[in-house]
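Below you'll find the structure, written out as structure tokens, and then a few comments.
The values are calculated or read from the model by the stated rules, or taken from the named source; none is laboratory data. These numbers come from a predicted model, not from an experiment. Note that each Cβ is placed from the backbone with ideal geometry, even for glycine, and that neighbours are counted across all protein chains shown.
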Amino acid sequence: MNTNERWVKHITPKSEDFSRWYQEIIQKAEMADYAPMKGMMVIRPYGYAVWENIQRGLDARIKATGHVNAYFPLFIPESYLQKEAEHVQGFSPEVAWVTAGGKEELEERLAVRPTSEAIIGPMYSRWIRSWRDLPLLINQWANIVRWEKVTRPFLRTTEFLWQEGHTCHETAEEAEAETLGVLEMYREFVETELAIPVVTGQKTLREKFAGAQMTYALEALMSDGKALQMGTSHNLGQHFSRAFDIKFEDRGQKLQYVWQTSWGMTTRLVGALIMVHGDDAGLRFPPRVAPVQVVIVPISVGDWKSTVLPAANAAADALRAAGLRVQLDAREEATPGWKFAEHEMRGVPLRVEVGPRDVKSGQAVLVRRDRRVKETAALDGLPVRVKPLLDEIQESLFAEAKSFLEANTRAARTYPEFKEILENERGFLRSGWCGEGGCEDRIKEETMATIRVIPLNETGPGAGEACVCCGREAKARPYFARAY
Ligand SMILES: [Zn+2]
């Protein structure tokens, strides 16, 4: 075993200990590091570049659907947070408080935002006067603090980054259409850009956002068989507009409370990318969000600096000119073999090798990270081959994740069967449910599985299908899973 192989092998295999693999790969690929404070992380440049690509793709979609960005304060006065009873109850165990400014004790303590409904609401009540001001469609990119007990880099940290949309509408129907429109925007974004297939639907009342009328979510399956909530879209009804007095004069000159929505996606998506696509050799980024899409490694033998390097440089320029994110790795202190292993571990979708013989024959060797398949391509006009190849890698990663999701979605008709599948295989379970919170609680207590979503636009449970827990008639067929 040579040095670079040993270095790569140092990562705990994913199949052996998924959780250790996840922690190790994050450190080794320099995605993030632990901060001195418990539960907090530093997003390192390579990890932040992934987040920037996620932001770019999502922000474009948010704007294309008519929303605009703004920024609201980090602090929320306690009295504001308390205005919506269910909201404050849901969030109070996780709120961080500011009690002093310098040496002066504050008259009213300030919450560090755990979400922004309670600071945006009072502003909306000042801005909205008539139906002409609606719909109001605002998004903000911000950081959030929730004092979590159990944390894991990207998936759950005390401080995280997100976007939160907050909209106001004239009618309940429009608010519901917005909530579902955003859910669909999120689904398309995650599947297209992140190459992660999802299931979407409603949350149960027990799992909904504190203060919402209804929460919709998208859920993905990580490769250890546990589910991860990828984003949520809430129909807030008039809960917050009544609490914050957000009224408008309607088309008949009558005063009405607005109908609201809120929705968000977070840096947790970076964790999902790692957990869905990674393999024993490290990360595998889908090209559309990869910080580096193509790495060019010149084979450093003989007089490579005067022969190979110029050709490698020209190839890098041509690929950059074609709009690709390219790194030329001409480090002298590392061998080509070391570099291959390192960029594989960091998940660069495509490697281009250029050696002395390649230069003579006007060719380069292309190696796909996803399948580790090699091919040769003409150096002249390299982008003509590389661009479609990156598209193929993107599609192939999605297809692989999709077949994993399908293979790991199982139906269970009886409770023993349900428990057995969760013990041995995990994944998503489709089973009948009577709609009662009691059964939901019992299933959670006994199996650690929760109802992830109840799918929409699907024909309900078949005739005669029973609740997997109590045996009464089923009202829905949710997706159950153990989740992060
Ligand atoms: Zn039941």
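Condition first: surrounded by 14 or more Cβ atoms within 10 Å (Cβ to Cβ) and not β-branched (Val, Ile, Thr). Now tell me which residues in the stretch 437-446 satisfy that.
CYS439, GLU440, ARG442, LYS444
Out of everything in the stretch 447-484 that is more than 23 Å from LEU405 (Cα to Cα) and away from the ligand (no atom under 11 Å from the Cβ), what residue ends up being surrounded by the most Cβ atoms within 10 Å (Cβ to Cβ)? Show your work before the answer.
Filtering the stretch 447-484 for residues more than 23 Å from LEU405 (Cα to Cα) gives 463-467, 469-475.
Narrowing further to those that are away from the ligand (no atom under 11 Å from the Cβ): 463-465.
Values: ALA463: 7, GLY464: 8, GLU465: 17.
The extreme case among them is GLU465.
Pick from the stretch 268-295 the residues that are part of a strand (DSSP E or B) and buried (at least 23 other Cβ atoms within 10 Å of the Cβ): which of them is nearest to the chain's Cα centre (by Cα)?
Ranking the qualifying residues of the stretch 268-295, first place goes to GLY282.
Does any residue in the stretch 437-460 that is basic (Lys, Arg) come within less than 7 Å, Cβ to Cβ, of a residue that is away from the ligand (no atom under 13 Å from the Cβ) six or more places away or on a different chain, and which pairs are these?
From residues that are basic (Lys, Arg), the pairs are LYS444/THR450; ARG452/GLU219; ARG452/ALA227; ARG452/TYR479; ARG452/ALA481; ARG452/ALA483.
Which condition from (1) more than 17 Å from ARG242 (Cβ to Cβ); (2) surrounded by fewer than 16 Cβ atoms within 10 Å (Cβ to Cβ); (3) polar (S, T, N, Q) is the one that THR115 breaks?
(2)
Only one of ALA172, ALA195 is of a type in the set (A, V, I, L, M), touching a residue at least 40 places away in the same chain (Cβ under 8 Å) and closer than 23 Å to LYS208 by Cβ. Can you tell me which?
When all the criteria are applied, what remains is ALA172.
What single numbered condition from (1) polar (S, T, N, Q); (2) over 25 Å from ILE54 (Cβ atoms); (3) out of contact with any Phe, Trp or Tyr (no Cβ under 8 Å at 6 or more places or on another chain) fails to hold for THR261?
Going through (1) polar (S, T, N, Q); (2) over 25 Å from ILE54 (Cβ atoms); (3) out of contact with any Phe, Trp or Tyr (no Cβ under 8 Å at 6 or more places or on another chain) one by one, THR261 breaks only (2).
So, PHE398, is that one within 13 Å of the ligand (Cβ to nearest atom) and outside any loop (DSSP other than H, G, I, E, B) or not?
So PHE398 fails the test.
Please determine whether any residue of the stretch 286-302 is under 30 Å from GLU164 (Cα atoms) and in contact with a His (Cβ under 6 Å, 6 or more places away or on another chain).
If we filter the stretch 286-302 for residues that are under 30 Å from GLU164 (Cα atoms), which is where we start, we get 286-293.
Now narrow it down to the ones that are in contact with a His (Cβ under 6 Å, 6 or more places away or on another chain): none.
No: the stretch 286-302 contains no residue that is under 30 Å from GLU164 (Cα atoms) and in contact with a His (Cβ under 6 Å, 6 or more places away or on another chain).
Out of ARG325, ARG351, which single residue is under 23 Å from VAL50 (Cα atoms), surrounded by fewer than 20 Cβ atoms within 10 Å (Cβ to Cβ), basic (Lys, Arg) and touching a residue at least 24 places away in the same chain (Cβ under 8 Å)?
Only one candidate passes the filter, namely ARG325.
Based on this model, can you work out whether LEU319 counts as in contact with a Phe, Trp or Tyr (Cβ under 8 Å, 6 or more places away or on another chain) and either surrounded by 22 or more Cβ atoms within 10 Å (Cβ to Cβ) or among the aliphatic types (A, V, I, L, M) (or both)?
no
Counting only residues that are in contact with a strand residue (DSSP E or B) (Cβ under 6 Å, 6 or more places away or on another chain) and more than 18 Å from GLU159 (Cα to Cα), give me the helices (runs of 4 or more DSSP H) lying completely in the stretch 16-125 with at least 2 of them.
Per the criteria, 78-81.
Where residues in the stretch 362-380 are touching a residue at least 60 places away in the same chain (Cβ under 8 Å) and out of contact with any strand residue (DSSP E or B) (no Cβ under 6 Å at 6 or more places or on another chain), which of them is farthest from LYS226 (Cα to Cα)?
ARG369
Could you please find all residues in the stretch 397-418 being farther than 30 Å from PHE285 by Cβ, surrounded by fewer than 17 Cβ atoms within 10 Å (Cβ to Cβ) and out of contact with any Lys or Arg (no Cβ under 7 Å at 6 or more places or on another chain)? Please lay out each step first, then the result.
Applying the first criterion (farther than 30 Å from PHE285 by Cβ) to the stretch 397-418 yields 411-418.
Now restrict to residues that are surrounded by fewer than 17 Cβ atoms within 10 Å (Cβ to Cβ): 411, 413-414, 416-417.
Passing the criteria: ARG413, THR414, PRO416, GLU417.
Given the condition over 29 Å from PRO122 (Cα atoms) and under 21 Å from the mean Cα position of the chain (by Cα), answer yes or no: does some residue in the stretch 228-236 qualify? Show your work before the answer.
Quick first cut of the stretch 228-236, residues over 29 Å from PRO122 (Cα atoms) only: 228-229.
The next check asks that each one be under 21 Å from the mean Cα position of the chain (by Cα); those that pass are 228-229.
Checked against the condition, which is being over 29 Å from PRO122 (Cα atoms) and under 21 Å from the mean Cα position of the chain (by Cα), the stretch 228-236 yields at least one hit.
Given the criteria surrounded by 21 or more Cβ atoms within 10 Å (Cβ to Cβ) and within 12 Å of the ligand (Cβ to nearest atom), does CYS434 qualify? Break it down stepwise before answering.
Values: surrounded by 21 or more Cβ atoms within 10 Å (Cβ to Cβ): no; within 12 Å of the ligand (Cβ to nearest atom): yes.
No.
Confirm whether ALA220 is in contact (Cβ under 8 Å) with a residue 24 or more places away in the chain and either outside any loop (DSSP other than H, G, I, E, B) or under 12 Å from the mean Cα position of the chain (by Cα) (or both). Steps first, answer last, please.
Working: in contact (Cβ under 8 Å) with a residue 24 or more places away in the chain: yes; either outside any loop (DSSP other than H, G, I, E, B) or under 12 Å from the mean Cα position of the chain (by Cα) (or both): yes.
Yes, satisfied.
Quick one: which residue in ALA377, ALA412 is within 15 Å of ALA315 (Cβ to Cβ) and small (Gly, Ala, Ser)?
Only one candidate qualifies: ALA377.
If the requirement is being in a loop (DSSP other than H, G, I, E, B), modelled with pLDDT of 95 or more and either out of contact with any Ser or Thr (no Cβ under 9 Å at 6 or more places or on another chain) or within 22 Å of TYR46 (Cα to Cα) (or both), which of these qualifies: VAL348, VAL301?
VAL348
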